[in-house]
Amino acid sequence: MSRWNEETTLKFVQEYRERPCLWNTRASIYKNKQAREAAYKEIEQNMGLDGFGVGDIKNKIRALRSTYSQEKKKIKDSMKSGTGSDDVYVPNIKCFNPSGRASFNVTLVRALGRFHPLIFG
């Protein structure tokens, strides 16, 4: 599968976010394996990408979470280094840019992790 553009990634994150059984550990449905499998199938259908199945969806979620965590760590580490606020690491990824698309920022953080004020203003 080729690299996704921002629009495809945004659509995927939105699909993921609309299914709290996949990410909201506080939801009672989170532990329902059948609901989770149905949600993966819905995402597969709604994305409409050839060759993009449940396994690919799980891998994409894992990759997005990993990227989010790595970027968060880079910001945290740059703040610890004693540099001024002008030298704090700013992610190159558009979805982590506070001046970028706010809806993508909010969607990403709600679906993938905790609120981080430096990244998401």
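The values are calculated or read from the model by the stated rules, or taken from the named source; none is laboratory data. Note that this is a predicted model, so its numbers are computed, not measured. Here the Cβ positions follow ideal geometry from the backbone for every residue, glycine too, while neighbour counts run over all protein chains shown.
Of note:
- Per-region count, region 58-85, residues farther than 30 Å from residue 21 by Cβ, at pLDDT 80 or above and exposed (fewer than 12 other Cβ atoms within 10 Å of the Cβ): 1
- Residue that is farthest from the chain's Cα centre (by Cα), among those in region 1-30 that are in a helix (DSSP H, G or I) and of a type in the set (A, V, I, L, M): 29
- Residue 89, sole failed condition from (1) part of a helix (DSSP H, G or I); (2) crowded, with 16+ Cβ neighbours inside 10 Å: (1)
- Among residues of region 15-35 that are free of Cβ contacts under 8 Å to residues at least 24 places away in the same chain, those with a Cβ under 9 angstrom from a residue that is assigned to a helix (DSSP H, G or I) and of a type in the set (Phe, Trp, Tyr), sequence gap 6+ or separate chain, pair up as 20/30; 21/30; 24/30.
- Out of 32, 24, sole residue that is at negative phi, of a type in the set (S, T, N, Q) and surrounded by 14 or more Cβ atoms within 10 Å (Cβ to Cβ): 24
- Screening residue 55 with (1) in contact with a Phe, Trp or Tyr (Cβ under 8 Å, 6 or more places away or on another chain); (2) exposed (fewer than 15 other Cβ atoms within 10 Å of the Cβ); (3) not hydroxyl-bearing (Ser, Thr, Tyr) gives one miss only, at (1).
- Where a residue in region 51-75 is over 16 Å from residue 14 (Cα atoms) and its partner, wherever it lies, is polar (S, T, N, Q) and part of a helix (DSSP H, G or I), with Cβ under 9 Å and at least six apart: none
- Residues that are within 19 Å of the chain's Cα centre (by Cα) and not in a helix (DSSP H, G or I) within region 50-75 comprise 52, 53, listed in sequence order.
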